[in-house]
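Worksheet for the structure shown next.
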Amino acid sequence: MTAPAIPALRTGPGYWWHSFVMMTRWEIVGLRLLLPITVFVQVLTGAGFVLGVGLFFGQVPPRAALFLSTGVIVITLATVGLVLGPQLIAAQKAEQTYDFIWSLPVPRSTAAAAWIVTNTIIAVPGMVMALVVANWRYDIDLRVSTLIIPGALLTLYTATMLGYAIAHTIKQPMLINLITQVTIFALTGFSPVNFPKEQLPGWLAALNEFLPLLHMANVMRAGLTDGIVSGLGRSYVVLGIWAVVATMVTAFVLRRRA
């Protein structure tokens with residue numbers, strides 16, 4: 001008589017990795033109908049924003065074109081984490097599938113990691129297309145360096161975890177959606193992402209020094225240009241603090257639901 005099989009322990013790196021792969025598959029399969037459309041919309045948004053803003057100004061000065069072109073890729077990365085993620089979680093709460101998803105027998109960190117991977121799949125094509133279209137439209141002087149890799153990763157991670165923290169902390173789906181709409185407004189109009197911070201009123205420029213969007217733009221620009229970004233170390237520190245705080249808030253909220 002053979003002894004009954006002993007269930008594998010739900011702990012350790014092997015279990016975490018298996019759970020991460022399964023949750024990544026869960027996210028991609030769950031978005032199998034929306035994923036291609038979402039990627040396509042991100043591509044159109046990035047390219048359209050570059051071309052559309054140029055229509056307001058017949059001749060865009062080279063420096064303004066450089067800020068616009070490098071800023072739009074920040075928008076494509078940030079909106080996925082700050083807007084799309086919270087809206088999907090709000091939909092789960094409205095459809096009452098939220099509790100089921102978070103009752104799955106996997107570490108909570110694997111769900112967050114899987115969503116970061118999904119965000120990357122969604123955001124990177126739009127970022128690349130926006131840069132290609134901007135270079136074609138404005139003939140900008142890009143100096144691509146390896147700094148673009150840590151800059152893009154930190155920007156995407158920070159935006160994703162901020163969106164996660166907002167969506168998991170707030171219970172009402174309508175309020176989550178309202179905050180995402182305000183975020184879009186602030187991102188495009190009142191954050192120095194597509195233009196120098198000197199163009200803002202003094203108090204608003206000072207406020208943005210402590211907010212993540214300016215520093216997302218700085219770390220991305222540092223990997224694409226030469227000589228227009230200063231205080232890069234501070235930008236990485238500020239973004240790192242926002243990323244850590246958002247991660248801690250998310251972990252606290254999700255742990256309370258366990």
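We did not get these values from a lab; they are worked out from the coordinates using the rules stated. Here the structure is a predicted model, which means the values were calculated and not measured. Positions of Cβ are generated from backbone atoms using ideal geometry, with glycine treated the same way; all protein chains shown enter the neighbour counts.
Going by alpha carbons, how many degrees (0 to 90, nearest 10) lie between the helix axis of 173-189 and the longest principal axis of the chain?
Result, in degrees: 30.
To the nearest 10 degrees, how steeply does helix 12-30 sit against the main Cα axis of the chain, on a 0 to 90 scale?
That works out to roughly 70 degrees.
Hey, got the dipole for the chain? About the Cα centre, +1 on K and R Cβ, -1 on D and E Cβ, debye to the nearest 20?
Numbers: 15 positive and 8 negative charges, 116 e Å.
Using only the charged Cβ atoms, the result is roughly 560 debye.
On C-alpha positions alone, give me the angle between the axis of helix 108-138 and the longest principal axis of the chain, in degrees, nearest 10.
It is inclined by approximately 20 degrees.
Spelling out what I want: for every residue of region 82-92, take phi, set θ = phi - 60°, compute 6.51 cos²θ - 1.76 cosθ + 1.60 (Karplus), and round to whole Hz; glycine and proline get x.
7, 10, 5, x, x, 5, 5, 5, 4, 5, 4
Could you tell me the center-to-center distance, by alpha carbons, between region 62-91 and region 162-182 in angstrom?
If you average the Cα positions of each part, the centres end up 17 Å apart.
Considering only Y138, T118, Y236, whose Cα is most displaced toward the positive end of the charge dipole of the chain, charges sitting on Cβ of Lys, Arg (+1) and Asp, Glu (-1)?
T118
Report the gain in length on full extension from L211 to S145: 0.36 nm times residue separation, minus Cα-Cα distance, nm rounded to one decimal.
Numbers: separation 66, 0.36 × 66 = 23.76 nm, distance 2.50 nm.
Between L211 and S145, full extension yields an extra 21.3 nm.
If one computes the Cα centroid of region 128-155 and of region 236-258, what distance in Å separates the two points?
28 Å
So what are region 122-258's ellipsoid semi-axes, whole angstrom, largest first, if each one is the square root of 5 times an eigenvalue of the alpha-carbon gyration tensor? Could you put the intermediate results ahead of the total?
On the way: eigenvalues 155, 57, 52 Å².
In descending order the semi-axes read 28, 17, 16 Å.
Could you tell me which label, among [x] 82, 35, 35; [y] 62, 46, 37; [z] 79, 48, 38, carries the value of Cα extents along the principal axes in Å calculated for this structure?
Only one listed value fits the structure, namely [x].
I want the local charge near E209. Using Cβ-Cβ distances under 12 Å, sum +1 for each Lys or Arg and -1 for each Asp or Glu among the other residues.
Spelling it out: positives minus negatives among the neighbours equals +2.
Measuring from label point to label point, each 7 Å out along Cα→Cβ, what is the I184 to L204 span in nm?
1.9 nm
What chymotrypsin sites (Phe, Trp or Tyr not before Pro) does region 33-65 have in DSSP loop regions with at most 13 other beta carbons within 10 Å?
On the way: sites: F40, F49, F56, F57; in loops: F57.
Filter output for region 33-65: F57.
Give, as a single signed number, the net charge of other residues whose beta carbon lies under 13 Å from the beta carbon of I121, with Lys and Arg counted +1 and Asp and Glu -1. Before the final figure, lay out the partial values.
Details: positive: R25, R32; negative: E27.
That sum, taken over residues with Cβ under 13 Å, equals +1.
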